[in-house]
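Written below as structure tokens is the structure these notes are about.
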Amino acid sequence: MLNKLFTALLISSILFSCSSDKEVQDDPIVEKKSAFGEVYQYSEMAALMEGMYERLKLDREQVLKGDTLKNYPKDFERIRTAEMTEDFEHNDLFKQFSEVYLNDLHNLYNQPYSQMESKEQFNTVVNSCLTCHKSDAGCAGPISRISKLLIH
């Protein structure tokens, strides 16, 4: 009898602890912990570029497998309008680099390439990111991380 009571209490406590009244946020705030332990919020542009980086990591794997990339990421076109990180602006140089990136990305997704050509076009996209980030228009911080996307 004591065994059954203990089992019932255990099961009910597990069920009770699994139920949650957490609120769901419609617009999650993108936060990241810096190497110095500080928490900061991404600007709209930084969050967009973080998404671009993650997508390119996935695309890289697809290209290496020889798969055709599908579903051009139209949301990346927000690079033209996303709110910039403080101290950066949508100047003419940034706009030019943005258009080059979007054109290269469009070509990667919409041109029939052999596997070798896909690798080259993927690297063209990554290099368009690097060129901007190395210029006065971009932030140099992610250059090392972006460079690791290149296919050798």
Seminar exercise, completed: Taking first residues from region 53-70 that are closer than 14 Å to residue 145 by Cα and second residues anywhere that are modelled with pLDDT of 95 or more and not in a helix (DSSP H, G or I), the pairs with Cβ under 6 Å that are 6 or more apart or on different chains are 55/73; 56/149; 60/149
For this session: Mind counting the residues in region 94-144 that are more than 18 Å from residue 77 (Cα to Cα) and either assigned to a loop (DSSP other than H, G, I, E, B) or among the charged types (D, E, K, R) (or both)?
Result: 14
Exercise. Just for region 65-93: of the residues that are assigned to a helix (DSSP H, G or I) and acidic (Asp, Glu), which one is farthest from residue 118 (Cα to Cα)?
Worked result: 92
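The values are calculated or read from the model by the stated rules, or taken from the named source; none is laboratory data. Source: prediction; values computed, not measured. Don't worry about glycine lacking a Cβ; one is built from the backbone with ideal geometry, like all the others, and counts go over all protein chains shown.
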